[in-house]
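Reading through the C-alpha cells given below for one structure.
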Amino acid sequence: MAAVYDHHSVEPKWQKVWDDEKAFAATNDFSKPKYYALVEFPYPSGQGLHVGHPRPYTALDIVSRKRRMQGYNVLFPMGWDAFGLPTENYAIKNKIHPKIVTKNNVARFKEQLHSIGYSFDWDREVNTTDPGYYHWTQWIFLKLFNAGLAYKTQMPINWCTSCKVGLANEEVVNGVCERCGAPVVRKMQSQWMLKITEYADKLLEGLDSVDYIERVKTQQRNWIGRSTGAEVDFKLTGTDDKLTVYTTRPDTLFGATYMVMSPEHPYIEKYKDRITNYDEVVKYREEASRKSDFERTELAKDKTGVCLNGLTAIDPVNDKEIPIWISDYVLMSYGTGAIMAVPAHDERDWEFAKKFNLPIIEVVAGSDKPVTEQVYTDVAEGKLVNSGFLDGLSVAEAKKKITEFLEEKGIGHAKTNYKLRDWVFSRQRYWGEPIPIIHCEKCGYVPLKEEDLPLELPEVESYMPGDNGESPLAAMDSWVNVTCPCCGGPAKRETDTMPQWAGSSWYFLRYIDPTNDKELASQEALKYWLPVDWYNGGMEHTTLHLLYSRFWHRFLYDQGIVPTKEPYAKRTSHGMILGSNGEKMSKSRGNVVNPDDIIEEYGADTLRTYEMFIGAFDQAANWSMEGVQGCRRFLDRVWKLQAIVTDGDEYSKDLEVKIHQTIRKVSGDFETLKYNTGIAALMALINDFYKAGSITKADLKTFILLLNPVAPHITEEIWANEGFEGRVFQAKWPEYEEAKCVEDTVTIAVQVLGKLRGTFEEDRNASKETMIARAKETVASKIEGKEIVKEIYVPGKLVNFVVK
RNA sequence: GCGGGUAUGGCGAAAUAGGUAGACGCAAGGGACUUAAAAUCCCUCGGGGGCGACUCCGUGCCGGUUCGAGUCCGGCUACCCGCACCA
C-alpha cells in the first residue's frame, strides 16, 4: 500500500476497469427487479461542465450504486439535450455549423463526466440532435397533430426593431435588445401551438398518484391554476353585442361599478366609431404592446388605463349602466380578456378605482373598516348586502344561487378556468427539429407520412433568421418547395423548428431502447422499465420541462404507446451551487469553479464527497475551497485505515453498536436526500475507529461498502489492497440488526420547569420509578422545599418537574 | 405583481413525531513532532458574568399555545427561485 492516496493513478485505473468490465450496463434480463434512476440530461454548453452539474448526478449515482449492491437491475443513463439558442448564436458568430459545435461540446462534457466516475450506462447515450432520435420527436408531433392537439394561431413574439429578428425573452433586457440595444416590440406571428390546456385536468389529477416533493406538486398545481367561477354576459349599451367576462366571484355581481377590457380586445376595433377618445385608446394600446405580460402585471401597483368614452355596459342583475375602461393588467390570454370590476372586494380593482376615482360599493359585509378605506376580500366570514335577492347569504351560498340565476336567465354559466396557457411550439430558428408539416393552398396543413421521417435539417448557408423574422430554413427554396402529399399540387414546408423542450419531453423513453429504428421503444422494454423510479432535477424545471414531459407522456398513454399514465414515480429537487460569495456563479462575476481543477488537485472522490457534504441537498449552497480540503482530509484518513487494520472477521466489540447504527443511518440517509448527514455519520465512525487504535478487517469492510457509492475509486482500491473478494460494485450492501443498534445505558436529561438542570446515566431498561428517583437526586438542590405539581417522563429522553 | 421557498455560532450546517440547540466539517487559538515550515496528531472553540461548583442570555423580528418551542399557530421583515422563446 502506498503511504498516501494518489488519486492521479488510482482514479483513471478504476474508471478503465469499470468501462472494460461494462460494470454498470443495464441488462435486458427482465426477470430481475428493476430500478430506473434518472437525472436531467445537460445542455452541452461551450463553457463545459459546471460544479452545479455534479450535485444531482452524484446524488443519484449514489442511489444507483447502492441499488446495484442491493440486487437490482439498474438503468442510470445519460445523454445530451443539444438543440438550443446558445449553440446557434455561437454558430452565427463564428460561422461554424452548430453540428460541429455540438459535437465538440459533447465530447468535452462526456470526458468531464467520465472523469468523475459516474456509473452511467454509456451504451444508452442519446442526443436530441441525432436524426435517429428526432425522428421520434417528429413522430410524436405528428401524433399530436393527428389528435388535433397541434394548431396554428397568431401569437406575439419579441421583435427587435433594429436586428429584425425574433428574440427569446432572455435576450430582451429592460425592453431593449440584448445585442444591439434597440427597442423591442411585440409583433404578431403565426405560430404552432400545442393544446396542453386540454390536459390540464389530467395533469392535475395525476399529481395525486405520484411521489413528488410537496413544493413541486404545489408549484405545478398553482401553475395550472384551476379556478371555478362563472362567465357573465353584460349588454353593450345601444348594441346587440354582449361583453362576456370571467369572474371567480359571481356573488359580487351587484358590486360591479365598471368593466375593464384588455387593450387588445376586438370590441375596440369593432366600435371605434363610437369611442370618442379613440386616439387616446390607440396610443395606450401601443404602449401596452411594448410590455410583456410579466411587465404588465408587475407594474400593476401603479395602475394605468383609459376610459372608453361612448361605450358602456349594463349590469344584468340591476340594469345599471357602468363605464368600460381598458387597462394593461387585463390580459387577452386569460379568461375572456375582460373583467367586471368589484373594487370593494378585489385588491387590483380597488387600487384602480382609487386611482381613477370610481365608485366603490360594498356587497359583502363584515369588514372592520369601510370599503372606501380598505378592500375586503374575506370569503369565509362575510354576508351579502346591497345585493337584492342575495342579501344575507354567505359568499359560498351566494355563488351557487347567482350561478343558478344566470343559467336560468341565459346570461351566464358556471365556468372552470385555468391559468395554464397553450404551449407556443414554434421557433423561427435553425438549430431545432424541423416541424414535419407541409402547407398546401388547397389542402391546408398536411402532415408528413410516417415513413418520410425523420425530416432532416438541411444544410443552409447562413444561420441568421430572415429579415421578416422567418427561420433560416425559409431561404432554402429547394427544401421549402415541395409537392403536396395530399393532392400533388405545389406546396411549402413549414420552416419553423421546435423548441428545445420537445426533445427533452420524452428522452427518458428513448434510454429504454435507444437504438430501435422501428419504434420509439419496444413495448416489452417500456413495460419493464417504466415508470422512472426516481427523477431528480432542478426546481427551475418544475413548471415547464416537468409539466411538458408529463403532458407528452400522458398523451402517449392515451394513444396506447406507453403503459403508464405518469412518467415519473418520484421527483426530487436539488439546490443550486453558488459562488463562495453567495452569488450565482458566472464568468462576469469571476466566481466560477471548474470541476476539472478540483479533480486535478484533489481527485474525483473528493469532488463527489464535497458536493454531497456541502449542505442540505435541497437548498442552495456556497462553494468553499476549505470545505473541499476538509473532504480530502477525510479521504486521506480513510486511506490510512489500512495501517491500523488487523485480522478478524467479526466487528470489534467496542465498535459493534456504532457500526450497526452507522449502517442504519447511512442506509436511510442515502434514500432521503440527506447525503450530508450520511457522510457526517461516516466521519464520526472513522473518528471512533482511530480512537479505538485498531480495527478488524470486518470493521473496515463494512466502512468501505458504506462509503463506496460516494467515493467509488478509493474504496475500490482499498478493497483490492485488502484482498476482499471481487469488486466493491459487485458486493452486497451491508445490513444491520436493530437489536444491535442500542446502547446498554441511556442519558436522561432532567428539567425543572422546562429548563435543563442536569443529566444522569441509567440502564436503559430501568423502570419509570427508578428514573424519576434518580432524576430527583440529580436536581435535589433545585427542588428542595418546593412542591412537585407534575412529573413528566419521556422514556429514554428526559424527566421534567413542574414545581411551585 | 403573482406562485414557490429559505432564515440556527466567525463560516457550511445538525437536531426521528414538541423533549439535553450547535452532531459532522471549516476557520481560529493553544500544544506535540520538526533546525524551521508544510503535513500529521492531541486539546479548546455560541455570547456575557464568576477563582469556582455554577449562572444568565441565545435558532431573522413581534405576539400566542404548552410542563417544555429551532420545531406548532397568528402577524411582519429580509433574501433566493420561477413567471411560459435561456436551459
For this session: Considering every residue within segment A:144-166, establish whether at least one is of a type in the set (Val, Ile, Thr), away from RNA strand B (no atom under 11 Å from the Cβ) and either part of a helix (DSSP H, G or I) or exposed (fewer than 15 other Cβ atoms within 10 Å of the Cβ) (or both).
Result: yes
Seminar exercise, completed: Taking segment A:557-616 and keeping only residues that are under 20 Å from A:Val210 (Cβ atoms) and aromatic (Phe, Trp, Tyr), one is left with A:Tyr557, A:Tyr568
Exercise. Considering only segment A:187-205, how many residues are crowded, with 19+ Cβ neighbours inside 10 Å and under 11 Å from A:Arg550 (Cβ atoms)?
Worked result: 3
Exercise. Hey, A:Asp251 hits all of (1) buried (at least 16 other Cβ atoms within 10 Å of the Cβ); (2) of a type in the set (Asp, Glu); (3) closer than 12 Å to A:Leu308 by Cβ but one; which does it fall short on?
Worked result: (3)
For this session: Please state which of the following conditions A:Val184 fails to meet, knowing it meets all the rest: (1) part of a strand (DSSP E or B); (2) surrounded by fewer than 17 Cβ atoms within 10 Å (Cβ to Cβ).
Result: (2)
For this session: Working only within segment A:607-644, note down all residues that are farther than 28 Å from A:Asp699 by Cα and either β-branched (Val, Ile, Thr) or part of a loop (DSSP other than H, G, I, E, B) (or both).
Result: A:Ala616, A:Phe617, A:Asp618, A:Gln619, A:Ala620, A:Trp623, A:Ser624
Exercise. List pairs: first in segment A:155-172 and hydroxyl-bearing (Ser, Thr, Tyr), second more than 7 Å from RNA strand B (Cβ to nearest atom) and assigned to a loop (DSSP other than H, G, I, E, B), Cβ under 7 Å, 6+ apart or cross-chain?
Worked result: A:Thr161/A:Ala182; A:Ser162/A:Cys180; A:Ser162/A:Ala182
Problem set entry | Subset of segment A:339-371 [more than 15 Å from RNA strand B (Cβ to nearest atom), over 16 Å from A:Thr304 (Cβ atoms) and over 40 Å from the mean Cα position of the chain (by Cα)] | A:Pro359, A:Ile360, A:Ile361, A:Glu362, A:Val363, A:Ala365, A:Gly366, A:Pro370, A:Val371
For this session: Any chance you could count how many residues in segment A:411-449 are part of a strand (DSSP E or B) and either more than 8 Å from RNA strand B (Cβ to nearest atom) or surrounded by fewer than 20 Cβ atoms within 10 Å (Cβ to Cβ) (or both)?
Result: 16
Seminar exercise, completed: Turns out the helices (runs of 4 or more DSSP H) fully within segment A:1-107 with at least 2 residues that are in contact with a His (Cβ under 7 Å, 6 or more places away or on another chain) and touching a residue at least 24 places away in the same chain (Cβ under 8 Å) are A:7-20, A:54-69
For this session: Assess whether A:Ile659 counts as being buried (at least 21 other Cβ atoms within 10 Å of the Cβ), near RNA strand B (Cβ under 9 Å from one of its atoms), in a helix (DSSP H, G or I) and under 39 Å from the mean Cα position of the chain (by Cα).
Result: no
Exercise. Out of segment A:202-252, which residues are more than 16 Å from RNA strand B (Cβ to nearest atom), among the β-branched types (Val, Ile, Thr) and not in a strand (DSSP E or B)?
Worked result: A:Val210, A:Thr237, A:Thr239, A:Thr252
Problem set entry | Residue ID - nearest to A:Glu433 (Cα to Cα), chosen from residues in segment A:46-91 that are over 20 Å from the mean Cα position of the chain (by Cα) and charged (D, E, K, R) | A:Glu88
Problem set entry | Which listed residue, of A:Asp513, A:Asp452, is surrounded by fewer than 19 Cβ atoms within 10 Å (Cβ to Cβ) and under 30 Å from A:Pro563 (Cβ atoms) | A:Asp452
For this session: Scan segment A:596-628 for residues that are without any contact (Cβ under 8 Å) to a residue 24 or more places away in the chain and crowded, with 22+ Cβ neighbours inside 10 Å and jot them down.
Result: A:Tyr610
Exercise. Would you pick out the residues in segment A:329-367 that are closer than 16 Å to A:Tyr267 by Cα, surrounded by fewer than 19 Cβ atoms within 10 Å (Cβ to Cβ) and of a type in the set (A, V, I, L, M)?
Worked result: A:Leu331, A:Met332
For this session: Write out, first by first residue and then by second, each pair whose Cβ atoms fall under 8 Å of each other, whose residues are 6+ apart or on separate chains, and whose first residue, in segment A:733-752, is without any contact (Cβ under 8 Å) to a residue 24 or more places away in the chain and within 30 Å of A:Glu791 (Cα to Cα) while the second is in a loop (DSSP other than H, G, I, E, B) and within 14 Å of RNA strand B (Cβ to nearest atom).
Result: A:Asp744/A:Arg764; A:Thr745/A:Arg764
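Per-residue answers, yes or no, for (1) within 11 Å of RNA strand B (Cβ to nearest atom); (2) at pLDDT 90 or above; (3) not in a helix (DSSP H, G or I):
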| residue | (1), (2), (3) |
| --- | --- |
| A:Ile663 | no, yes, no |
| A:Ala680 | yes, yes, no |
| A:Ile686 | yes, yes, no |
| A:Asp699 | no, yes, no |
| A:His713 | no, yes, no |
| A:Tyr736 | no, yes, yes |
| A:Ile748 | yes, yes, yes |
| A:Thr759 | yes, no, yes |
Exercise. A:Ser31: of a type outside the set (Phe, Trp, Tyr), over 14 Å from A:Pro712 (Cβ atoms) and over 29 Å from the mean Cα position of the chain (by Cα), yes or no?
Worked result: yes
Exercise. Among the residues of segment A:167-181 satisfying the criterion of being among the charged types (D, E, K, R) and surrounded by fewer than 16 Cβ atoms within 10 Å (Cβ to Cβ), which is nearest to RNA strand B (Cβ to nearest atom)?
Worked result: A:Glu170
Seminar exercise, completed: Reported set for segment A:761-798 where residues are away from RNA strand B (no atom under 11 Å from the Cβ) and assigned to a loop (DSSP other than H, G, I, E, B) is A:Arg764, A:Asn765, A:Ala766, A:Ser767, A:Glu784, A:Gly785, A:Lys786, A:Glu787
Exercise. Restricting the search to segment A:460-484, which residues are at pLDDT 90 or above, buried (at least 16 other Cβ atoms within 10 Å of the Cβ) and hydroxyl-bearing (Ser, Thr, Tyr)?
Worked result: none
For this session: Considering every residue within segment A:31-39, establish whether at least one is within 16 Å of RNA strand B (Cβ to nearest atom) and in contact with a strand residue (DSSP E or B) (Cβ under 7 Å, 6 or more places away or on another chain).
Result: yes
Problem set entry | Within segment A:539-568, considering residues that are within 9 Å of RNA strand B (Cβ to nearest atom) and not in a helix (DSSP H, G or I), the one nearest to A:Gln619 (Cα to Cα) | A:Thr542
Problem set entry | Single unsatisfied condition, A:Asn765 versus (1) over 30 Å from A:Ile116 (Cα atoms); (2) at pLDDT 90 or above | (2)
Exercise. Across segment A:620-645, what is the number of residues that are charged (D, E, K, R), more than 6 Å from RNA strand B (Cβ to nearest atom) and farther than 16 Å from A:Ala604 by Cα?
Worked result: 1
Problem set entry | Filter result for A:Ser580 (more than 30 Å from A:Leu194 (Cα to Cα), in contact with a helix residue (DSSP H, G or I) (Cβ under 9 Å, 6 or more places away or on another chain) and surrounded by fewer than 18 Cβ atoms within 10 Å (Cβ to Cβ)) | yes
For this session: State all residues of segment A:51-100 that are of a type in the set (A, V, I, L, M), buried (at least 20 other Cβ atoms within 10 Å of the Cβ) and within 13 Å of RNA strand B (Cβ to nearest atom); if no residue qualifies, say none.
Result: A:Ala82, A:Ala91
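The values are calculated or read from the model by the stated rules, or taken from the named source; none is laboratory data. Since the model is a prediction, treat every value here as computed from it, not as a measurement. Cβ atoms come from the backbone with ideal geometry, glycine included; neighbour counts cover every protein chain shown.
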